[in-house]
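The values are calculated or read from the model by the stated rules, or taken from the named source; none is laboratory data. Predicted model only: the values in this text are computed from it and were never measured. Glycine also receives a Cβ, built like all others from the backbone with ideal geometry; neighbour counts cover every protein chain displayed.
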Amino acid sequence: MKHLSGSSKQSFRLPDFEHRLSMYALAATAAGVGMLALTQSAEGKIIYTKANKTIGLKDTLRLDLNHDGIVDFNLKNTSSWVSFTGGDWLSVIPARKNNAVWGHTMFNRGYASALSAGSWVGPKGQFLPGPGYMAGSGCACGMARPAQSNRGPWVNVTDRYLGLKFVIEGKTHFGWARLNVSCNNDLVTASLTGYAYETVTNKPILTGKEHGADEPDSPAPLAVSSATLWQLAEGAKSRPHK
């Protein structure tokens, strides 16, 4: 029987193993950083603007959500009277093609919803194909007993939100506008107190949320054994991004 000499045996050197292990760990770390960067870019940011603007009789407030000099929506206060009968009403009108307001249609008229804080506005929203009626106050004052009425989802509300979809350079974004509305004595008055939009295309926004993180919190380090570092590096390359 021949004996294998020591020189014919394959030797295992610890430095080689440590080098390979370091390379695997580096690959895994690089892949993880790349995934984190994608996550951060998807986080986006909410741009909020505080406001204190009144919409009085026959006023039109031109709303530019992202301050690019292009009007996105018009908040219009209209008044009409004929022979002591008439009234005043507030509506929101998209100023650009593909811009839209969250709402519903009833009796062939579109009504803009008065959303509460904490409502999601996004791709699955119910948006109107045109203008949205908000609130109106009318009177038939020529009658022996004058009849007055208020109607619309925005009658006498405080801190309610318009859900808005609008376009920036051909891409769809979502936002909100917060208003107080008062209907009294055949007159509708409103005040815009703030508005915001989400910088990431097609990402939903929460009504009332005024701040969004530039980047997510740093994740905790992964605890993996040396035996799984290569699988982690390979998996990170093929893992689908959300």
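For Ser116, work out the one condition from (1) more than 14 Å from Asp72 (Cβ to Cβ); (2) more than 17 Å from the chain's Cα centre (by Cα); (3) touching a residue at least 60 places away in the same chain (Cβ under 8 Å) it doesn't fulfil.
(2)
Just one of (1) among the small types (Gly, Ala, Ser); (2) touching a residue at least 24 places away in the same chain (Cβ under 8 Å); (3) at positive phi trips up Gly69, so point out which.
(2)
Residue under question is Ser191, and the condition is that it be surrounded by 12 or more Cβ atoms within 10 Å (Cβ to Cβ) and at pLDDT below 95; does it hold?
Against the criterion (surrounded by 12 or more Cβ atoms within 10 Å (Cβ to Cβ) and at pLDDT below 95), Ser191 does not qualify.
Only one of these conditions is not met by Thr105: (1) at pLDDT 95 or above; (2) touching a Gly at 6+ places or on another chain (Cβ under 9 Å). Which number is it?
The number of the failed condition is (2).
Condition first: of a type in the set (S, T, N, Q) and either assigned to a strand (DSSP E or B) or touching a Ser or Thr at 6+ places or on another chain (Cβ under 7 Å) (or both). Now tell me which residues in segment 50-76 satisfy that. Quick ask: steps written out before the conclusion?
Here is the first cut: in segment 50-76, the ones of a type in the set (S, T, N, Q) are 52, 54, 60, 66, 74.
Once the filter is applied, which keeps residues that are of a type in the set (S, T, N, Q) and either assigned to a strand (DSSP E or B) or touching a Ser or Thr at 6+ places or on another chain (Cβ under 7 Å) (or both), segment 50-76 yields Asn52, Thr54, Thr60, Asn74.
Which one of these is modelled with pLDDT of 95 or more, more than 20 Å from Ile93 (Cβ to Cβ), crowded, with 18+ Cβ neighbours inside 10 Å and in contact with a strand residue (DSSP E or B) (Cβ under 9 Å, 6 or more places away or on another chain): Leu162, Leu206, Leu128?
Just one listed residue meets the conditions, Leu206.
Scan (1) over 30 Å from Asp186 (Cα atoms); (2) modelled with pLDDT of 90 or more; (3) in contact with a strand residue (DSSP E or B) (Cβ under 8 Å, 6 or more places away or on another chain) for the single condition Gly44 breaks and write down its number.
(2)
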